[in-house]
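Dropping the structure in here first, questions after.
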Amino acid sequence: MPPRTSKTRPRSRASIGPWMLSVEEQLLATLRSLRRKHTNLLGIGIGRRQCNGKTVSEVVVRLVVRTKPKVKGRLPKGQPPLPGFVPVWTNVLGQRIGLMMPTDIEQAEKFLPCWFEVGKARATSLAYWNDASGARHIGAITCAHSLPAAGKTVEVALRTGIIKATVVVRADLRKDGLDAGLVKIACDPKELFNAGPQALPIAGANDLLKCMGDDDDDALQSPVRFWTGPKEETSIADIAGVAFYAEHPIQTQGGTVAFRNVVEAQHAGGCFEQGQSGSAWALYDDSSPRSIIAIQSHMNPSGTRALGTHMGTALDWLKAARPDLQSLTPFWTLNELPVS
């Protein structure tokens, strides 16, 4: 059992036990601890085990390494074996308990940005915010890698044609660890396309980790769908959300960078392709969408695996990037936009 603590004595962050941290914080703490001995370790997440190139139902802590060892559990010469189990604290039936979760070592794979022309693809989310004077602005949240620097313009498709939109802010994957940006669209809201078929909330990371909680619904094995295309109709494909990474390595021209709070999805038919970057992934229950989980960002060369920035993380970063974005609110259909 966790030790009892005083209810009145303030504690520093360093004194907080692992049972009080979120799953993401626990994963990052485990990653930092393991990296002291295992320099080959690049990332960590929770998801389904990979076996001979296939995904099986067992949920494990996934350790991403630069070079996968030929002998299970062993890293290159001079480094000790990676642990077969790591502790993770979670809620089960309302109680906080510690689990020893098995690990699965995976070889880091090459992932490339899914480039697209903004004028030919639907943004992942529409959004509105109010500036200091109370004036409302409308824009779109999408992948940063498809956007130029802040202050530059990009083309955005409207019902009446293509206009120039201004980039408000964009993340730097190397510095910020995520792939998200915001553009401001100066237009009549009626000219906008819907960003999705219906209003949906944004899912937190815990929604992707229900397999560790007290719910029989395993979100990591639920169908996921994405929407893309500039037209009113939606292009929907079923994909499988299989993992959530606190950190995942991405190769760039400047070397390997840590992509944080990343959702992985897979599709055997290789449905991930150029033109679908920036589209939203929705978590489904049966045939009904439940929540938005990520912005599609990178894919492997075969198009069978893709990584997406967790939508909630992207929204939090955008709000913190500029004081005038504190009221930034995403929406998916025009009937969600408040009357100004």
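Laboratory data are not the source of any read-out in this text; all were calculated from the coordinates shown. A quick note: this is a predicted structure, and the numbers were derived from the prediction, not measured. Cβ coordinates were reconstructed from backbone atoms using ideal geometry, including for glycine residues, and neighbour counts include every protein chain displayed.
List the residues whose amide H sits under 5 Å from the amide H of R322, counting only those 5 or more places along or on another chain, with H placed 1.01 Å from N in the peptide plane.
none
Quickly work out the E191-to-V56 label distance, labels modelled 7 Å from Cα along the C-beta direction, and quote it in nm with one decimal.
With each label point 7 Å from Cα toward Cβ, the separation is 5.6 nm.
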